[in-house]
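The values are calculated or read from the model by the stated rules, or taken from the named source; none is laboratory data. Here the structure is a predicted model, which is why all the values come from computation and not from measurement. All Cβ positions, glycine included, derive from the backbone under ideal geometry; neighbour counts span all protein chains shown.
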Amino acid sequence: MPWHAIVFRSFCTLIAVALFAVASAPGASQETPTRSDALDAIAAYAPRAMQEQGTPGLSVAITDRNATLRIITLGDANRDTQTPVTPQTRFPIGSITKSMTALALLELHDAGRLNLNAPAREYLPWFSIQTLGGPILVHELLSHTAGTPDDFSPEVGYTYDILALRTAKTLFAPGTSWSYSNDGYATAGAILARLDGRSWADAVRARVLQPLGMSASSDVFTPEEMASAAIGYQFRDNDRPPSQQPPLVASPPLDFVAPAGSVLSTPEDMAKYMRFYLNGGMASDGRRLISAAAFAAMTRPDRLKNGEPAGSPGAVLAEAPSFYRQYGYGLSIFNDGGDHLVGHTGGISGYTACMQVNLTRGFGAIAFANLVEAPLHPCAIVLYAMRVLRAQSLGEPLPSPPPARDPARVGRANEYAGTYTATNGASLHVVVAGDRIYIVNAAKRIEIYPRGRDLFWADDPEFAIFLLAFGRDRDGKVVEINYGPRWYGGERYRGPRTFAYPPSWNALAGRYENTYLGEPAITRVVIVKNRLTLDGTDSLTPLSDGSFALGDSVVRFDAYAGNQPQRLSIDAMHLYRVELP
């Protein structure tokens, strides 16, 4: 859809939302809101949610325990042909697939064929990884508490990715912490396939999709299965941070089989899936797929060895920070005012999804978008839907939609103001107007937009390749900026202004890239002060063997032509030097 068309639709939607807000303002009506009122409020907000995410199309399903309440479809499944999204349009659900893998394994657990507390190697003898503690248990794979890396080797074949873990080590002693891991779910899927005697895809189809009547869903990506799916879109300029309105291109087609994320579905089918949870683990025909005890274990937080609930200590998704604070088996667990909720998000090569289900009050919502995973999921419409449906179930006034997102607003903007000077005498002036920040460079005044803590995108071609990264001193004061390799010290900066580093690092600098699962992975190695970095923001710490640490990952340079490496490896993910800026 052309951007001007989205803007026009958004303008019309804002008028509709405003009229709805007036109609439902205190004093406008004393009537208790009906379920229909709630569904209309959600539908009125949906176009703005789509516009703010920037996705070409959006599909939403809302259900209660008994039936689908509303399906909302907006925008284009194919922008080139202007084919609209319909209720029959398929979307990949990404990592929501993980809950289906977990569900199938719990069926085997109920049948006495799987011990959740057994080592994974008991069922998958060829599985190998260096652990920083005891063996990895099956339930730890399902709750992301095993310590396996996330995407150690993100190749097309998930079995190869598991084999690649033979050269990896866990991030922590299994069962002592939490870290999201696609590799962990690949391993769980391989266990499912071995115990079931069928491929992972066939096992999930037979144990989950067919019993729940999800006949419009598929467990894999193939050209035939993707023919009825929306076209996925990614950023055209994928070698740089996306702009405010980034141009999009269609994601390339791919074959994909993955226990962590290869299911395709429709809104109606996913409504059936949500009803499985709303009905305590039973299909629509009254058949129980897993026991009440297994259902309870799946939908409550798993426990670490110290007894604490499994889950992320910090926000995983900035747009939905409550996701993944607690985690069961393939599901995020929530407590909303005493209500018990489960959910998950998903993203894969041009698509994103977001699901949440209120087990206490009996309703759920899922949204699909045909836009690349980074940086957004379509969670805004789901979270608003859940707030509205909860208020209606309590007989309370329906909440207003969230305020319009202001992408330029900066909290504590004054912290960044000042003049910053490079070693060659060039300077950048950072000025503040209210909660906005601008860079004055020569005669230009350039607005910058937050993209993370102390990271900003600048609305100017001169600053298109890297993010602007502000640095702080030990007292927390902003004292420096770098744009890729260009470094500027501020007026409060008290450190050295000349820097030494190993001369051999100069040969490491450059652009490296590859394509994984339909999306390019591109990074630029640049030197900032006396640090070797990826893209000027992620520092590489030298190790004794000549490699570098990048958080929990190891970065290596090899395949030298003369003194210049032609390959950069992050764990077992390989990127290759390209002679481009």
**Request:** Just one of (1) farther than 21 Å from Ile96 by Cβ; (2) among the hydroxyl-bearing types (Ser, Thr, Tyr); (3) free of Cβ contacts under 8 Å to residues at least 40 places away in the same chain; (4) in contact with a helix residue (DSSP H, G or I) (Cβ under 7 Å, 6 or more places away or on another chain) trips up Thr148, so point out which.
**Result:** (1)
**Prompt:** What tally of residues in the range 539-581 results from selecting those that are of a type in the set (Asp, Glu) and either crowded, with 19+ Cβ neighbours inside 10 Å or within 14 Å of Ala509 (Cα to Cα) (or both)?
**Reply:** 3
**Request:** Taking Gly94 as the residue in question, decide whether it is under 22 Å from the mean Cα position of the chain (by Cα), more than 19 Å from Gly346 (Cα to Cα) and not hydroxyl-bearing (Ser, Thr, Tyr).
**Result:** no
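Suppose we keep only residues that are of a type in the set (S, T, N, Q) and without any contact (Cβ under 8 Å) to a residue 12 or more places away in the chain within the range 527-553. Which one would you say is farthest from Ala464 (Cα to Cα)? Show your work before the answer.
Taking the range 527-553 as the starting set, the residues that turn out to be of a type in the set (S, T, N, Q) are 530, 533, 537, 539, 541, 544, 547, 553.
In the following step, the residues that additionally are without any contact (Cβ under 8 Å) to a residue 12 or more places away in the chain were identified as 533, 539, 541, 544, 547.
Values: Thr533: 18, Ser539: 21, Thr541: 26, Ser544: 35, Ser547: 30 Å.
Per the criteria, the residue is Ser544.
So for the range 308-331 (the condition being in the same structural domain as Ser215 (by TED's automatic domain parsing), without any contact (Cβ under 8 Å) to a residue 40 or more places away in the chain and over 20 Å from His377 (Cα atoms)), does at least one residue qualify?
As a first pass, look at the range 308-331 and keep what is in the same structural domain as Ser215 (by TED's automatic domain parsing): 308-331.
Within this subset, residues satisfying the condition of being without any contact (Cβ under 8 Å) to a residue 40 or more places away in the chain are 308-309, 314-315, 321-322, 325-326.
After this cut, where a residue has to be over 20 Å from His377 (Cα atoms) as well, the list is 308-309.
Yes, the range 308-331 has at least one match.
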**Prompt:** Any idea which residue in the range 151-181 is surrounded by the most Cβ atoms within 10 Å (Cβ to Cβ), counting only those that are over 14 Å from Gly133 (Cα atoms) and touching a Gly at 6+ places or on another chain (Cβ under 7 Å)?
**Reply:** Trp178
**Prompt:** Pick from the range 252-285 the residues that are of a type in the set (S, T, N, Q) and surrounded by fewer than 22 Cβ atoms within 10 Å (Cβ to Cβ): which of them is farthest from the chain's Cα centre (by Cα)?
**Reply:** Ser284
**Condition met for Leu467 (surrounded by 19 or more Cβ atoms within 10 Å (Cβ to Cβ) and either in contact with a Lys or Arg (Cβ under 8 Å, 6 or more places away or on another chain) or among the hydrophobic types (A, V, I, L, M, F, W, C) (or both))** = yes
**Request:** Select, from Val432, Val440, the only residue that is out of contact with any Leu (no Cβ under 8 Å at 6 or more places or on another chain), β-branched (Val, Ile, Thr) and more than 30 Å from Ala572 (Cα to Cα).
**Result:** Val432
**Prompt:** Is there a residue being aliphatic (A, V, I, L, M) and either crowded, with 23+ Cβ neighbours inside 10 Å or in contact with a helix residue (DSSP H, G or I) (Cβ under 8 Å, 6 or more places away or on another chain) (or both) anywhere in the range 301-309?
**Reply:** no
**Request:** Considering every residue within the range 401-418, establish whether at least one is modelled with pLDDT of 95 or more, over 26 Å from Thr345 (Cα atoms) and touching a Gly at 6+ places or on another chain (Cβ under 7 Å).
**Result:** yes
**Asked** If you check Leu105, Leu74, which single one turns out to be among the hydrophobic types (A, V, I, L, M, F, W, C), in contact (Cβ under 8 Å) with a residue 12 or more places away in the chain, in the same structural domain as Glu268 (by TED's automatic domain parsing) and crowded, with 20+ Cβ neighbours inside 10 Å?
**Response** Leu74
**Asked** Which of the residues that make up the range 416-461 are charged (D, E, K, R), in contact with a helix residue (DSSP H, G or I) (Cβ under 8 Å, 6 or more places away or on another chain) and in a loop (DSSP other than H, G, I, E, B)?
**Response** Asp435
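Give the range 274-323 a look and list any residue that's hydroxyl-bearing (Ser, Thr, Tyr), within 21 Å of Ala67 (Cα to Cα) and part of a loop (DSSP other than H, G, I, E, B), or say none. Walk me through how you get there before you give the answer.
First, pick out the residues of the range 274-323 that are hydroxyl-bearing (Ser, Thr, Tyr): 277, 284, 291, 299, 312, 322.
From what's left, within 21 Å of Ala67 (Cα to Cα): 277, 284.
Selection gives Ser284 alone.
Only one residue in Ile136, Ile162, Ile191 is assigned by TED's automatic domain parsing to the domain that holds Asn115, aliphatic (A, V, I, L, M), out of contact with any Pro (no Cβ under 7 Å at 6 or more places or on another chain) and within 18 Å of Gly330 (Cα to Cα). Which one?
Working: Ile136 fails: out of contact with any Pro (no Cβ under 7 Å at 6 or more places or on another chain); Ile162 fails: within 18 Å of Gly330 (Cα to Cα).
Criteria check complete, one pass: Ile191.
Report those strands (runs of 3 or more DSSP E) wholly inside the range 462-581 carrying at least 2 residues which are among the charged types (D, E, K, R) and either out of contact with any Asp or Glu (no Cβ under 8 Å at 6 or more places or on another chain) or on the phi > 0 side of the Ramachandran plot (or both). So that I can check it myself, show each step before the final result.
Working: elements: 468-472, 478-483, 486-490, 510-516, 519-528, 531-534, 538-542, 548-550, 553-561, 564-570, 573-578.
Here the list reads 553-561.
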**Fill in**
Matching residues in the range 194-224 (in contact with a helix residue (DSSP H, G or I) (Cβ under 9 Å, 6 or more places away or on another chain) and surrounded by 21 or more Cβ atoms within 10 Å (Cβ to Cβ)) number 11
**Asked** Would it be correct to say that Ala572 is of a type in the set (A, V, I, L, M) and free of Cβ contacts under 8 Å to residues at least 12 places away in the same chain?
**Response** no
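Quick one: is Ala216 in a helix (DSSP H, G or I), among the small types (Gly, Ala, Ser) and in contact (Cβ under 8 Å) with a residue 40 or more places away in the chain? Don't jump to the end; show me each part of the working.
Values: in a helix (DSSP H, G or I): no; among the small types (Gly, Ala, Ser): yes; in contact (Cβ under 8 Å) with a residue 40 or more places away in the chain: yes.
No; evaluated as a whole, the condition is false for this residue.
Every residue, every condition in (1) crowded, with 17+ Cβ neighbours inside 10 Å; (2) touching a residue at least 12 places away in the same chain (Cβ under 8 Å), yes or no:
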site	(1), (2)
Gln356	yes, yes
Gly362	no, yes
Asn370	yes, yes
Arg387	yes, yes
Arg405	no, yes
Arg409	no, yes
Arg412	no, no
**Asked** Quick one: Arg486 ticks every box in (1) out of contact with any Phe, Trp or Tyr (no Cβ under 8 Å at 6 or more places or on another chain); (2) crowded, with 16+ Cβ neighbours inside 10 Å; (3) under 16 Å from Asn238 (Cα atoms) bar one, so which box is it?
**Response** (3)
